[in-house]
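The values are calculated or read from the model by the stated rules, or taken from the named source; none is laboratory data. Since this is a predicted model, take the numbers as computed values, not measurements. Here the Cβ positions follow ideal geometry from the backbone for every residue, glycine too, while neighbour counts run over all protein chains shown.
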Amino acid sequence: MHKNEKNALEIVFVTGNEDKFREVREILATMGYEVIQNTNGYPELQEEDLEPIAAYGARWAAEKLGMTVIVDDSGLFINALNGFPGPYSAFVEKNLGNKRVLKIMEDENDRSAVFKSVIGYCEPGAEPLTFTGTVEGKIAFEERGAGGFGYDPIFDYDGMTFGELGDVEKNKVSHRRRALDKFLEWLDNEN
Ligand code: ITT
């Protein structure tokens, strides 16, 4: 990691997801870091937990690119569905979408769900580290709000969906924010 001409530390974030990139850039900008997107990608392990997926991806990308990187593996875990879609969140969002998820949830009384984000960090030749953030909410009965992305319009946090909250408010409480807070706490102690 190095400082740019504005004296901000640069962090390379390997992701093909523009929405994740925007959020991570906005959150870290407020803390004096500049985030550079790298879209080279990495193989995603099939695991039930997000931590090994993020750790493997971060190590793979750090070795491949020869530089220090972060990745973000995230997902929505719905309790009534035993954690589904969890690690399959990207696939389900793309192939089923929010309406079909709401349909599966139609007769469920237990609407509780957890958004989880795992930041994987790795330097070339070193062991990867992971930082996990979670936020609890409820699956709404219909899509609400045009902000955010993915499952945001159906994730109800204290009466408002993440789609209704919009980036600024979402970024104060989100799973991604909480994971990045842990990552930065560690990073600040290192430097
Ligand atoms: P990269 O692996 O390239 O970073 P991806 O979209 O494939 O991008 P994931 O495998 O981590 O990323 O999939 C996570 C999916 O979970 C994502 O595509 C969204 O559908 C959903 N998701 C994650 N964070 C979210 C958030 O903050 N709000 C809404 N949906 C989210």
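Identify all residues within region 73-93 that are out of contact with any strand residue (DSSP E or B) (no Cβ under 7 Å at 6 or more places or on another chain) and under 18 Å from Phe162 (Cα atoms); write none if there are none.
Within region 73-93, Ala90, Glu93 meet the criteria.
Does Thr68 satisfy the criteria of being in contact with a helix residue (DSSP H, G or I) (Cβ under 9 Å, 6 or more places away or on another chain) and without any contact (Cβ under 8 Å) to a residue 60 or more places away in the chain?
Against the criterion (in contact with a helix residue (DSSP H, G or I) (Cβ under 9 Å, 6 or more places away or on another chain) and without any contact (Cβ under 8 Å) to a residue 60 or more places away in the chain), Thr68 does not qualify.
I'd like to know if region 72-88 contains one or more residues that are of a type in the set (Ser, Thr, Tyr), part of a strand (DSSP E or B) and either modelled with pLDDT under 95 or surrounded by 16 or more Cβ atoms within 10 Å (Cβ to Cβ) (or both).
yes
Just to check your reading of the model, which residue among Phe77, Phe91, Phe13 is within 12 Å of the ligand (Cβ to nearest atom) and over 16 Å from Arg176 (Cα atoms)?
Within the list Phe77, Phe91, Phe13, the selection yields Phe91.
Quick check: anything in region 94-113 over 21 Å from the mean Cα position of the chain (by Cα) and among the β-branched types (Val, Ile, Thr)?
Checking region 94-113: at least one residue is over 21 Å from the mean Cα position of the chain (by Cα) and among the β-branched types (Val, Ile, Thr).
Collect the residues in region 122-142 that are within 20 Å of Asn171 (Cα to Cα) and crowded, with 17+ Cβ neighbours inside 10 Å, keeping them in residue-number order.
Of everything in region 122-142, those that are within 20 Å of Asn171 (Cα to Cα) and crowded, with 17+ Cβ neighbours inside 10 Å turn out to be Thr130, Phe131, Thr132, Gly133, Val135, Gly137, Lys138, Ile139, Ala140.
Which ones in region 136-191 are within 14 Å of the chain's Cα centre (by Cα) and among the polar types (S, T, N, Q)?
Residues satisfying the conditions are Asn171, Ser174.
For region 1-52, give me each residue that is more than 14 Å from the chain's Cα centre (by Cα) and assigned to a strand (DSSP E or B).
Lys3, Leu9, Glu10, Ile11, Val12, Tyr33, Glu34, Val35, Ile36, Gln37, Asn38
May I ask you to list the residues in region 16-56 that are more than 20 Å from Thr134 (Cα to Cα), of a type outside the set (Phe, Trp, Tyr), in contact with a strand residue (DSSP E or B) (Cβ under 8 Å, 6 or more places away or on another chain) and more than 11 Å from the ligand (Cβ to nearest atom)?
Result: Ala29, Gly32, Glu34, Val35, Ile36.
Within region 1-23, track down each residue that is touching a helix residue (DSSP H, G or I) at 6+ places or on another chain (Cβ under 7 Å) and closer than 20 Å to Glu123 by Cβ.
If the condition is that a residue be touching a helix residue (DSSP H, G or I) at 6+ places or on another chain (Cβ under 7 Å) and closer than 20 Å to Glu123 by Cβ, then Ile11, Phe13, Val14, Thr15 are the ones that fit.
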